[in-house]
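Structure, as structure tokens:
The values are calculated or read from the model by the stated rules, or taken from the named source; none is laboratory data. Source: prediction; values computed, not measured. Cβ sites come from the backbone with ideal geometry, for glycine too, and all protein chains shown count toward neighbours. Side chains included, ligands, DNA and RNA excluded: accessible areas come from the protein's heavy atoms. Shrake-Rupley method; radii C 1.70, N 1.55, O 1.52, S 1.80 Å.
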Amino acid sequence: MTTIEPFLVVIASIFLFAGFIKGVIGLGLPTVSVSLLAVAMPPGRALAIVIVPAIVTNIWQTFVGPYLRDIVRRLWPLMIGTAAGIWLNAGALSGPNARYGTIVLGMLLVIYAITGLTKFSFRVAPRNEKWVGGIAGLITGVISASSGVQVIPSVPFMQAIGMEKDELVQALGVFFTTATVALAFNLTTAGLLTAATALPGAVAMAASFTGMFIGQAVRDRMQPDVFRRWFLISMILLGLYLAASALVRIHG
């Protein structure tokens with residue numbers, strides 16, 4: 001057995017789980033996989049493995065539903081703002097401050113999970129969708145470029161404009177496709193997305209799709225609220241662990 005095989009088994013296990021999460025609740029593949037991989041590697045390297053499966057699974061999610069035209073019409077400021085924010089913060093995962101990326105990731109996981117558990121929500125009036133979406137996108141892009149997390153504040157914004165369940169799931173696919181493609185350019189420029197990530201990426205993609213199909217198959221047979229609650233609690237614990245362990249490494 002070669003030294004790379006156990007690593008690929010770990011990759012497959014993580015992405016099978018992350019794909020399952022995405023299949024059940026419609027999001028979470030990059031967030032879960034980057035977070036779990038960040039236990040053993042810097043977020044930049046983790047994101048380089050995640051990026052191709054994330055793009056492919058999100059493209060698939062983009063075209064599952066009849067709402068694409070309406071989604072683009074409503075979310076183009078959010079998507080453009082996100083791409084701009086990622087571009088403005090290019091180098092965050094490979095520059096001198098990259099060592100703080102795991103701390104940022106951990107803190108964002110805790111914030112994301114707490115807002116989900118408290119069911120924090122707000123409403124955005126239709127007349128304000130465009131400018132609020134642009135600002136939310138810019139903030140999301142800056143955060144994403146330094147941590148790989150694309151759900152804050154983009155997902156609360158999409159919920160705030162009143163998208164129905166099926167439209168929201170498709171909208172998440174459209175938005176995350178845009179964000180991950182923009183991140184891929186950053187990673188390529190930084191030299192993090194290379195041929196060395198091809199094999200782990202292929203394993204990750206196969207496991208992601210397997211997990212997604214399993215998750216979709218059991219979505220209607222389980223209590224999504226109960227599942228989501230325990231998922232968010234586990235994200236809090238993981239976020240605290242990532243932030244604390246990174247602080248120990250930096251200051252230890």
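When only the Cβ of Lys, Arg, Asp and Glu is charged (+1, +1, -1, -1), the dipole of the chain relative to its Cα centre reaches about 360 debye.
Highest average first, the peptides 29-38, 80-89 ordered by how many other beta carbon atoms sit within 10 Å of their residues are 29-38, 80-89. What fraction of the Cα pairs in the chain, stated in percent, has a spacing above 21 angstrom? Counting pairs separated by more than 21 Å, the tail of P(r) holds 56 percent. In this structure the range 63-216 gives 47 Å² per residue of accessible area when probed at 1.4 Å with all protein chains present. Express the carbon and sulfur contribution to the solvent-accessible surface of the chain as a percent, rounded to the nearest whole number, probe 1.4 angstrom. Solvent-exposed carbon and sulfur of the chain make up 69 percent of the total.
When only alpha carbons are used to place a centre, the range 164-237 and the range 28-50 end up 11 Å from one another.
Rounded to two decimals, what is the ratio between the C-alpha radius of gyration of the range 113-252 and 2.2 N^0.38 Å?
1.22
Using the alpha carbons alone, the radius of gyration of the range 1-130 stands to its Kirkwood radius in an Rg to Rh ratio of 1.00.
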